[in-house]
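Below is one structure, written out as structure tokens; comments come after it.
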Amino acid sequence: MHQSKPFTATKRHTSLSRKKPRNHHRLTVSATSTFEKTNPYTEELKATAKYISQRGRGILASDESNATTGKRLDSVNVENTEINRRDWRQLLYTAPGLGQYISGAIMFEETLYQSASDGVQFVDILKKQGILPGIKVDTGLQNLPGSDGETSTQGIDNLASRCEAYYKQGARFAKWRAVLRINEKGGPSTQAILENAHGLARYAQIAQSAGLVPIVEPEVTLGPGNYSIEETAYWSERVYSHVFRLLNEYDVMLEGILLKPNMCLPGLDAPTASPADVAKYTTRTMMRSIPPSVPGIHFLSGGMSEEESTLNLQALQEACPNAPWSLTFSYGRALQSATLKTWGGKKENWDAAQKILVALAEANSKAQLGQFKGPHPVPGGGRILQALRTGGAGK
Ligand code: 13P
């Protein structure tokens, strides 16, 4: 029997290793994709993502469609007209001092092109506050045939030309929301996970090629049922891992994206989890599935109360003080609900409503820095259920 000699780092071995390797193919593989090398926006995308995810700041999600905005306005007896939608967004974007805590605002298409009552464009008002304008680019959900209420997100058609136009109008980042469901019967099907991961990856590639930082939002949505926080963590990890595999397949540059996930929470019919438990499972899920090259993880509020959203964000920093990403917020309902109720469509409540918005943004900014000690500007309160039925800001 042939006896192979034990390996020693002899001269022969060293010189051999200097010879041209037989597998030429290996040398042509580079850690930088052709897309990243040739995209004229590569450096800008990195800078934009870094800006938005800077510590102590987060995103105001205000990209509700006209129909969803109408439902929100209706809850305070304000009619759903273009002027009223404009007034509501004007209240949000002109709140004095908002830019100290908010680095980006996501808008619906109508709002991106709108101006305040004095004629100044919203994009300019935001930029003056140091807030980058963003745009929701998906066009909503479609049922997956034969599934139990599972969906695919629409909007790839014309996405490239729409993104180019949004960039020209001043948008610097985009959002695409994919929804995955858990219920007592189990988690999302493999078909739904793959379909949504594929959609997110394709969208992210197109957005990056037009200079928009894609917010990748695989929302494992908080739904009815008595399922546990462990189940949410299990399914979330599975979903995010597939999403990142597909982002890699599509050469999406991870330094130029932002992730918008859910926190891990138990089902709506299960007892509420403590902030420490939410933080334990959420950070474990992130550590297992989100590469450190992603600059920011901007959680959605997903129906949590204003205070719950802040306390959970604070707990995340305590559970993961040296997180490689900024663990921060992209809240819709948790910033807007109390603001809207305080305004109620009345001129005399305008200043008070703006103050509530800025106080909520400040509380979450402190929580991002791990410095929130209370009291909370909107204490107590249950889940924002009315809004939950109609979905998050991105609907
Ligand atoms: P919520 O914070 O209300 O969940 O909305 C965030 C969002 O943009 C969902 O797409």
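Derivation of every value follows stated rules applied to the coordinates shown; laboratory data play no part. Note that the structure is a prediction, hence the values are computed from the model and not measured. Cβ coordinates were reconstructed from backbone atoms using ideal geometry, including for glycine residues, and neighbour counts include every protein chain displayed.
Some observations on this one:
- Share antiparallel - DSSP beta bridges, the chain, percent rounded to 5: 15
- Comparing ALA31, ALA201, ALA270 in a Gaussian network model of the chain (Cα springs below 10 Å), the most mobile by mean-square fluctuation is ALA31.
- The fewest-to-most ranking of CYS264, CYS320 by surrounding Cβ atoms within 10 Å reads CYS320, CYS264.
- Estimated at 0.36 nm per residue, the fully extended path between SER293 and ILE156 surpasses their Cα-Cα distance by 46.7 nm.
- Cα centroid separation, segment 172-224 to segment 291-359 (Å): 21
- Taking the fewest neighbouring Cβ atoms within 10 Å as the starting point, the ordered list for LYS355, LYS37 is LYS37, LYS355.
- Segment 33-390: translational diffusion in µm²/s, Stokes-Einstein, Kirkwood Rh over Cα pairs, 4 °C, 1.567 mPa s: 64
- Residue of ALA160, ALA334, ALA279 that the Gaussian network model of the chain assigns the largest fluctuation, springs spanning Cα pairs under 10 Å: ALA160
- Between ASN196, ASN77, ASN262, the Gaussian network model of the chain with springs among Cα atoms under 10 angstrom shows the greatest mean-square fluctuation at ASN77.
- Unit charges on C-beta of K, R, D, E only; dipole of segment 33-390, Debye: 600
- Each of TRP176, TRP235, TRP350, TRP88 has some number of other Cβ atoms within 10 Å of its Cβ, and from fewest to most they run TRP350, TRP235, TRP88, TRP176.
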